[in-house]
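The values are calculated or read from the model by the stated rules, or taken from the named source; none is laboratory data. All values derive from a computational prediction rather than experimental measurement. Using ideal geometry, Cβ is built from the backbone for each residue, glycine included, and neighbour counts are taken over all protein chains shown. With ligands, DNA and RNA removed, areas are computed over all heavy atoms of the protein, side chains included. Shrake-Rupley method; radii C 1.70, N 1.55, O 1.52, S 1.80 Å.
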Amino acid sequence: MFCNDLTASVHRPHSVSITEFGAVGDGVTLNTKAFKNAIFYLSSFADKGGAELFVPAGRWLTGSFNLISHLTVSLDADAVIIGSQDSSDWPVIDPLPSYGRGRELPGKRHQSLIFGSNLTDVIITGANGTIDGQGEIWWNWFHNHTLNYTRPPLLELMYSNRVVISNLTFMNAPFWNIHPVYCSQVLVQHLTILAPISSPNTDGIDPDSSSNVCIEDCYIRNGDDIVVIKSGWDEYGISFAHPSSNISIRNITGQTRNSAGIAFGSEMSGGISDVRAEGLRFINSVHGIRIKTAPGRGGYVKNIYIADVSMDNVSIAIRITGNYGEHPDNNYDKNALPVISNITIKDVVGVNIGTAGMLLGIQGDIFSNICLSNVSLSSKSADPWNCSLVEGYSNSVSPEICEQLRSSPGPGQVCYDGNSYPVPAAQQPHKSGATRLQNPFLKFASLYS
């Protein structure tokens with residue numbers, strides 16, 4: 001796999017503690033200058049094997065700071081990096097070129113608490129130390145419509161490669177939590193991500209116009225999508241043309257009251273392809289699996305393979321939406337229709353499900369090759385499936401799926417198998433669901449108590 005050679009266990013010959021630069025871990029003293037000075041000092045070792053910045057036990061209040069290449073930031077188990085509640089400590093920077101403006105407001109946006117651009121060989125890790133964005137004040141500004149700029153993510157890296165983010169807890173992000181954008185070779189592993197389920201737009205992990213990304217072994221409880229893949233917004237994403245591709249997602253457990261366990265879009269105008277997601281466990285959520293797009297997005301979501309999914313108390317298990325979301329401005333091309341194709345969803349069990357699926361394409365833009373296999377959903381709805389402007393194939397789906405996906409595979413019918421090419425639907429292997437109907441959440445019960 002493309003992330004096998006990435007690890008947090010990299011020896012750095014030069015290591016310093018943040019305390020050596022005057023930082024005070026009392027939760028009150030602002031340590032932005034200490035973080036900046038420490039990283040500036042360590043930059044002199046970039047070509048000498050790299051360096052490590054150690055954050056010991058304490059509560060380390062700071063504003064936004066920038067990382068450098070060949071750097072490990074390592075947190076003690078009892079270390080908490082705390083984001084300042086003064087917005088002036090989060091600089092205002094240019095919008096992402098693939099978005100054309102701030103995601104929430106026209107114009108610029110606030111920089112993330114931990115930020116980097118054009119970096120290589122960066123590790124952010126710890127013994128499950130914590131990074132707390134203290135986002136409540138930002139959520140209040142959002143709800144009160146008093147923001148001047150788009151809210152900042154908690155961690156954002158741009159144009160970077162060989163990135164590892166592991167063994168940490170992220171809490172209370174002002175906006176999205178983990179946002180690698182225009183990156184490659186990214187490993188996100190062993191994270192806990194927490195925010196109130198009522199918090200606005202606190203997405204968990206958002207690979208955006210990035211490739212060769214591995215996300216695995218994470219627990220996420222937040223106020224928006226748990227894992228969501230993006231690639232730019234309408235005409236800006238189409239023009240920037242930087243897709244998200246070659247993404248592996250494994251062993252993710254979580255809940256979100258407002259959004260989806262795994263999602264694609266709605267900003268997908270640069271294209272999303274070759275995604276394999278397995279071992280997903282979602283509870284108490286609105287959606288389990290979701291694809292979001294709209295006329296004007298352009299781009300594509302294709303070659304998506306999702307398998308081994310368990311859901312409990314999910315309102316809509318599987319949803320594909322062709323009319324989702326707003327536009328950055330009025331200059332988008334209304335005729336730029338997205339391509340949604342080669343979507344395979346298999347080995348899914350759900351209990352306490354509201355609606356099994358809503359699969360809705362776009363007039364003049366049928367979503368094709370949607371393949372469902374070995375899906376068992378205990379739906380409360382008398383009309384469990386709602387489908388229009390989609391086509392595909394199904395096998396061993398309960399309750400009985402909509403007519404558009406019910407037919408036997410024809411000569412042109414293909415199902416994507418998680419490799420780089422689709423295989424004939426008739427060759428799609430499937431397992432009996434009999435042993436999968438046991439409650440899959442028993443071993444996760446302690447996480448929700």
Check: Rounded to the nearest 0.05, what FRET efficiency is calculated for ASP383 and ARG257 with R0 set to 22 Å and r the Cβ-Cβ distance?
Finding: 0.40
Check: If you bin the C-alpha pair distances of the range 1-138 every 5 Å from 0, what whole percents do you get?
Finding: 2, 10, 17, 21, 19, 14, 11, 5, 1
Item checked: Accessible surface ranking that places the most exposed of GLU400, GLU156 first, with a 1.4 angstrom probe -> GLU400, GLU156
Check: Kirkwood hydrodynamic radius for the range 328-417: how many Å is it when counted over pairs of different Cα atoms?
Finding: 14.2
Notebook entry, point to check: Which of the listed residues, ILE320, SER398, TYR332, is farthest toward the dipole's positive end in the range 225-420, when Lys, Arg count +1 and Asp, Glu count -1 at the beta-carbon?
Noted result: SER398
Notebook entry, point to check: Given the Cα atoms of the range 344-391, and with Rh set as the inverse mean 1/r over their pairs in the Kirkwood sense, what is Rg to Rh to two decimals?
Noted result: 1.02
Checklist line | Solvent accessible area, Å² - MET158, 1.4 Å probe, full protein context | finding: 20
Next item on the list: Show the residues, 5+ positions off or on another chain, whose built amide H is closer than 5 Å to the amide H of VAL186.
Entry: VAL163, VAL213, CYS214
Note to self: What is the distance in Å between the Cα centroid of the range 76-150 and that of the range 182-238?
What the structure shows: 14
Check: For the chain, what does -39500 (n - 2.57) per DSSP helix run (n ≥ 4), summed and divided by total residues, give at 222 nm, in deg cm²/dmol to the nearest 500?
Finding: -1500 deg cm²/dmol
Note to self: Could you identify which residue out of GLY350, GLY22, GLY100 has the top mean-square fluctuation in a GNM of the chain using Cα springs shorter than 10 Å?
What the structure shows: GLY22
Notebook entry, point to check: Rounded to the nearest 10 Å², what accessible area does TYR41 show when all protein chains are kept and the probe is 1.4 Å?
Noted result: 100
Notebook entry, point to check: Want the number for ASN335 to GLU136: 0.36 nm per residue separation, take away the alpha-carbon distance, what's left?
Noted result: 67.7 nm
Next item on the list: Name the residues whose placed amide hydrogens come within less than 5 Å of the amide hydrogen of ARG281, ignoring near sequence neighbours (fewer than 5 apart) on the same chain.
Entry: ILE252, THR253, GLY254, SER310
Check: Dividing the Cα radius of gyration by the Kirkwood radius, what Rg/Rh value follows for the chain?
Finding: 0.98
Check: With the calculation restricted to Cα positions, what are the radius of gyration and Dmax of the range 132-264 in angstrom?
Finding: 14.2, 39
Notebook entry, point to check: Using modelled backbone amide H atoms (1.01 Å from N, in-plane), which distant-in-sequence or interchain residues come within less than 5 Å of SER84's amide H?
Noted result: THR62, GLY63
Check: In square angstrom, what is the accessible area per residue of the chain with a 1.4 angstrom probe?
Finding: 37
Margin query: Please report the accessible area of GLU391 (heavy atoms, 1.4 Å probe, ligands and nucleic acids excluded) in Å², nearest 10.
Written below: 90
Check: If we count every other residue with Cβ under 15 angstrom of GLY107's Cβ, Lys/Arg +1 and Asp/Glu -1, where does the sum land?
Finding: +2
Checklist line | Residue among ASN313, ASN258, ASN419 with the largest mean-square fluctuation in a Gaussian network model of the chain, springs linking Cα atoms under 10 Å | finding: ASN419
Notebook entry, point to check: Dipole size in debye (nearest 20) for the chain around its Cα centre, Lys and Arg Cβ +1, Asp and Glu Cβ -1?
Noted result: 420
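Stokes-Einstein diffusion coefficient for the range 225-420 at 20 °C in a medium of 1.002 mPa s, Rh from the Kirkwood formula over Cα pairs: what value in µm²/s?
130
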Next item on the list: May I ask you to rank TRP141, TRP176 by accessible area, largest first, using a 1.4 Å probe over the protein chains only?
Entry: TRP141, TRP176
Checklist line | Estimated vicinal HN-Hα couplings, Hz - the range 359-372 in sequence order (Karplus 6.51, -1.76, 1.60; Gly, Pro = x) | finding: 10, 10, x, 10, 4, x, 8, 5, 7, 10, 6, 8, 10, 10
Next item on the list: Please identify the cysteines of the chain that lack any partner cysteine with a Cβ under 4.7 Å from their own Cβ.
Entry: CYS183, CYS218
Notebook entry, point to check: Can you pull the percent of the chain's accessible area that's carbon plus sulfur, 1.4 Å probe, other chains left in place?
Noted result: 48
Next item on the list: Relative to the longest principal axis of the C-alpha atoms of the chain, give the angle of the C-alpha long axis of helix 32-42, reported between 0 and 90° and rounded to the nearest 10°.
Entry: 90
Checklist line | Angstrom value of the Kirkwood radius, inverse mean 1/r, which spans all Cα pairs in the range 14-223 | finding: 16.9
